[in-house]
Amino acid sequence: MWSDNDTRVDYLNFRCVAETAAELIIQANGSPLSMGVSGGWGVGKSSMLNLISDALKARDENNRYLFVNFNAWLYQGYDDARAALLEEIATKLVEKAADNQTALAKARKILARVNWFRVAGLTAGSVAAIAAGLPPVGLLGAAWTAIQGVTDGDVTKADVDTLEKSGKEAATAVAGSVKPATKETPPQQIHALREQFEETLKAMNTTLVVFIDDLDRCLPATAISTLEAVRLFLFLPQTAFVIAADDKMIRQAVRVHFKGVALDDDLVTNYFDKLIQVPLRVPPLGTQEVRAYLMLLYLFKAGLGDTQIEDIRSKVCARLSSSWSGKRVDLAFMTELVPDIGAEVRANLELADRLAPLMTTAQQINGNPRLIKRFLNTLWIRLAVAKSQGVAVDESTLAKVLLFERCATESAYQRLVKAVNDGDEGRPAFLGEWERQARSGEAITGLERDWDTPFVKDWLALDPALGDLDLRSVMYVSRESLPIVTAADQMSTSALELLEGLLKLTSATSTFTEPLRTLPGRDHALMVERLMVRARQEQSWGKPNVLWAFLALIEAAPEMATAFGKFLTQLSPSRLTAAIIPLLGDKDWARDALDVWVKSPEASEPVKRAIKGLAKKEV
């Protein structure tokens, strides 16, 4: 298994971006700086924060920086985000100022103001709402509503009762959260906090660097509350804030926060942009990066020594730096780095080499590092299930099917599963011609609607070809997605035994007629479905076993003739031999097929003569 947590190991040559960010903080030389690390879910924002932190620490020879890591998501539902951030910063200041009594006293004053901010948290929604011209919420919201009722000129007893009740509740909440009241007003509290904060950092000769992560996992109220807390300290000397968030999620949080207020897109975007001086975006991964990532993940599990792994990683990142010039990270390059690699690991690298292009372009994965890890973990779990139950499964085959399951439409995947469940020996034979065309570079003809996509066309060309493979074991270990339900599973025992007998017929017989008539119609339909799978695989239609099976079934259940008759009309006449014609000549349900065949330029002359001969006999 591969850990889904953020990492401090640079797999993707992101360190060049991290080094640039660290240099910007150093070059600021104490001037305030705010930096945003943006990107979608799972692209590596948290790992980028780690790399920036490590790069800055490596340059901090004089211990000039104080690092604070804050994850607002951890506090959601347990504490006010602003107060939690303030407390985290103040606690770190107190720890660092232990040997500086002047700075220690100032840091403790900051810590003492945390309770005031927790009370402010009770009213945060109301203050923001009033500022936006909206009715407030929470305890003060109730009081505000009561006050509005008292002052609107139409006082009722309910208004008076609400005002009295809300006042008592607010007083109780405040009394339990803070020490004896101070005479300072909120603006004075905020001004004093900023002043003490600035003085403390100056006395310590320290630059505070705060890394804020996982804002895009938070509910809108927590995300906005954290950003409001950042604003309290923003642009003060000797501070740097590095904020990782999906900017799309922040814009949505702003919309929810100001629900009911008319905000255009520019105003929503500007809310976050005004907090950020330097925007950084985690680079999207191309095929080279995805291939390198997959291969490094496999190598990290191969039992190589730490020194060798680090050497490989650094050389891969150096190679990625030159990928713009045409240099590739591929199987050939990796085998140069690790020439004595074992057969199993080499097979994994070959698999990564094949999968990388599709995992880069497939919309459902799109080169996302977290989704790539989840894909590999799912693959690992299924291989482990197979091993524990003694099921032989080829990893490349399982990976190709898993990729289809993950990236194709649900109906297309269901079609694949059904073909395996119903096909002879678990082969999805319908893929055969499509795969041949895809692998030869020909235009793929006859693709069904859900299959006619760029992803599927690329997937069909991917090794191994599946059309002739028995995929029952693959579907067995993949059954958490769709259950294995074959036609045989749904048939009665009697029907299954009769079907096996029908498929062995080599001539006409009435042996099965009466036993077949005793079966319910559902069994007849399931038998036709099973026979159709076999019929589609027949390449030559003279007197195949499946034809005798259909004739025997239709003799017992004439209503099943319609489906087989329609199949015959759609059968390519080039696959016919004249031997089939006499067997169908007296069947009314085969008339349409005979008419189609005799007019088709694909039908052979012996077939056409046999059909015309039937007409002469009737005359």
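The values are calculated or read from the model by the stated rules, or taken from the named source; none is laboratory data. All of these numbers come straight from a predicted model, not from anything done at the bench. In this analysis, Cβ positions are derived from the backbone assuming ideal geometry, glycine residues included, and neighbour counts consider all displayed protein chains.
Residues in the range 62-91 that are surrounded by fewer than 19 Cβ atoms within 10 Å (Cβ to Cβ) and assigned to a helix (DSSP H, G or I): Trp73, Leu74, Glu88, Thr91.
Only one entry of Thr569, Thr506 meets the criterion of being closer than 25 Å to Val596 by Cβ and modelled with pLDDT of 90 or more, and that entry is Thr569. Residues that are in a helix (DSSP H, G or I) and within 17 Å of Pro284 (Cβ to Cβ) within the range 359-378 comprise Met359, Thr360, Thr361, Pro369, Arg370, Leu371, Ile372, Lys373, listed in sequence order.
When restricted to residues that are in a helix (DSSP H, G or I) and either out of contact with any Gly (no Cβ under 8 Å at 6 or more places or on another chain) or surrounded by fewer than 17 Cβ atoms within 10 Å (Cβ to Cβ) (or both), the range 434-446 contains 5.
Among the conditions (1) within 25 Å of Val230 (Cα to Cα); (2) of a type in the set (A, V, I, L, M, F, W, C); (3) under 26 Å from the mean Cα position of the chain (by Cα); (4) surrounded by fewer than 21 Cβ atoms within 10 Å (Cβ to Cβ), Ala28 misses just one, which is (3).
Looking across Ala262, Ala229, one residue alone is under 30 Å from Leu66 (Cα atoms) and not basic (Lys, Arg). It is Ala229.
Of the listed requirements (1) in contact with a strand residue (DSSP E or B) (Cβ under 6 Å, 6 or more places away or on another chain); (2) within 21 Å of Val282 (Cα to Cα); (3) among the hydroxyl-bearing types (Ser, Thr, Tyr), Ser47 misses just one: (1).
All conditions but one from (1) at pLDDT 85 or above; (2) buried (at least 19 other Cβ atoms within 10 Å of the Cβ); (3) in a helix (DSSP H, G or I) apply to Pro515; the one that does not is (2). Criterion first (in contact (Cβ under 8 Å) with a residue 60 or more places away in the chain and either β-branched (Val, Ile, Thr) or not in a helix (DSSP H, G or I) (or both)) does Ile250 satisfy it? Here the answer is no, as Ile250 does not meet what is asked.
Just a yes or no: is a residue in the range 599-614 assigned by TED's automatic domain parsing to the domain that holds Leu519, surrounded by 14 or more Cβ atoms within 10 Å (Cβ to Cβ), within 27 Å of Glu497 (Cα to Cα) and of a type in the set (A, V, I, L, M)? So far as the range 599-614 goes, no, none of its residues is assigned by TED's automatic domain parsing to the domain that holds Leu519, surrounded by 14 or more Cβ atoms within 10 Å (Cβ to Cβ), within 27 Å of Glu497 (Cα to Cα) and of a type in the set (A, V, I, L, M).
crowded, with 18+ Cβ neighbours inside 10 Å, in the same structural domain as Thr360 (by TED's automatic domain parsing), touching a residue at least 24 places away in the same chain (Cβ under 8 Å) and not charged (D, E, K, R), is that true of Leu275? Judged against the criteria, Leu275 is not a match. When you go through (1) more than 18 Å from Phe14 (Cα to Cα); (2) modelled with pLDDT of 90 or more; (3) aliphatic (A, V, I, L, M) one by one for Ile243, which number turns out not to apply? So Ile243 meets the others, but not (1).
Filtered by the rule that a residue be outside any loop (DSSP other than H, G, I, E, B) and closer than 13 Å to Asp468 by Cβ, the range 414-433 gives Ala419, Val420, Asp424, Glu425, Gly426, Leu431, Gly432, Glu433. Condition (residue is in contact with a Pro (Cβ under 7 Å, 6 or more places away or on another chain) and not in a loop (DSSP other than H, G, I, E, B)) applied to the range 381-388: is it met by at least one residue? Looking for residues that are in contact with a Pro (Cβ under 7 Å, 6 or more places away or on another chain) and not in a loop (DSSP other than H, G, I, E, B), one finds none in the range 381-388, hence no.
Contact annotation: residue pairs with Cβ atoms under 6 Å, 6 or more positions apart or on different chains, pairing a residue in the range 447-472 that is in the same structural domain as Thr361 (by TED's automatic domain parsing) and part of a loop (DSSP other than H, G, I, E, B) with a partner that is of a type in the set (Val, Ile, Thr) and modelled with pLDDT of 90 or more, are Pro464/Thr397. The condition of being among the aliphatic types (A, V, I, L, M), within 28 Å of Leu531 (Cβ to Cβ) and touching a residue at least 40 places away in the same chain (Cβ under 8 Å) holds for only one of Val417, Val385, Val393, that being Val417. Going by the conditions given, is Gln288 modelled with pLDDT of 90 or more, assigned to a helix (DSSP H, G or I) and crowded, with 18+ Cβ neighbours inside 10 Å? So Gln288 passes the test.
The set of residues in the range 44-96 that are small (Gly, Ala, Ser) and in contact with a helix residue (DSSP H, G or I) (Cβ under 6 Å, 6 or more places away or on another chain) comprises Gly44, Ala55, Ala72, Ala81, Ala83, Ala84, Ala90.
Within the range 43-50, is there a residue that is in a helix (DSSP H, G or I), modelled with pLDDT under 85 and out of contact with any Pro (no Cβ under 6 Å at 6 or more places or on another chain)? No, because not a single residue in the range 43-50 is in a helix (DSSP H, G or I), modelled with pLDDT under 85 and out of contact with any Pro (no Cβ under 6 Å at 6 or more places or on another chain). Looking across the range 525-557, the residues that are assigned to a helix (DSSP H, G or I), within 15 Å of Trp589 (Cα to Cα) and either not β-branched (Val, Ile, Thr) or not assigned by TED's automatic domain parsing to the domain that holds Glu514 (or both) come down to Leu547, Phe550, Leu551, Ala552, Leu553, Glu555, Ala556.
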